[in-house]
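Here's the structure, in structure tokens; my notes come after.
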Ligand code: SF4
């Protein structure tokens, strides 16, 4: 059995796509609640560490606006801010 795929069977994010992919949720207050609900579930998820490792590797170099969904309790913007490849592209303020 492959360890790289097996951990997904224990993921807490089985079905509530509006929470984990809140990009289209309106109004903004509902979107914010959906993000917080997804983050709260991720924090309780038994595979959060593996999920974080996998998503950060998979999205390496991807700009924030091209990332979607909440993974491992991180929004697309938070994941992009952790990516050294994306950070290296940002212009340095004068
Ligand atoms: S940490 Fe969150 S996104 Fe990752 S598998 Fe668990 S519930 Fe899903």
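The values are calculated or read from the model by the stated rules, or taken from the named source; none is laboratory data. Only a predicted model underlies this, so the values are computations on that prediction, with no experimental measurement involved. As a convention, Cβ positions derive from the backbone with ideal geometry for all residues, glycine included, and neighbour counts pool all protein chains shown.
Suppose we filter the stretch 65-83 for residues that are surrounded by fewer than 17 Cβ atoms within 10 Å (Cβ to Cβ) and near the ligand (Cβ under 10 Å from one of its atoms); how many remain?
If we filter the stretch 65-83 for residues that are surrounded by fewer than 17 Cβ atoms within 10 Å (Cβ to Cβ), which is where we start, we get 65-66, 68, 77-78, 81-82.
The next check asks that each one be near the ligand (Cβ under 10 Å from one of its atoms); those that pass are none.
Selection size over the stretch 65-83: 0.
Pull up the stretch 65-94, narrow it to residues that are farther than 21 Å from residue 41 by Cα and not in a helix (DSSP H, G or I), then point me to the one that is farthest from the chain's Cα centre (by Cα).
94
Are there any helices (runs of 4 or more DSSP H) wholly within the stretch 1-64 with 3 or more residues that are within 13 Å of the chain's Cα centre (by Cα), within 10 Å of the ligand (Cβ to nearest atom) and at pLDDT below 90, and if so which?
Working: elements: 3-6, 17-20, 28-44, 48-58.
Fully inside the stretch 1-64 and qualifying: nothing.
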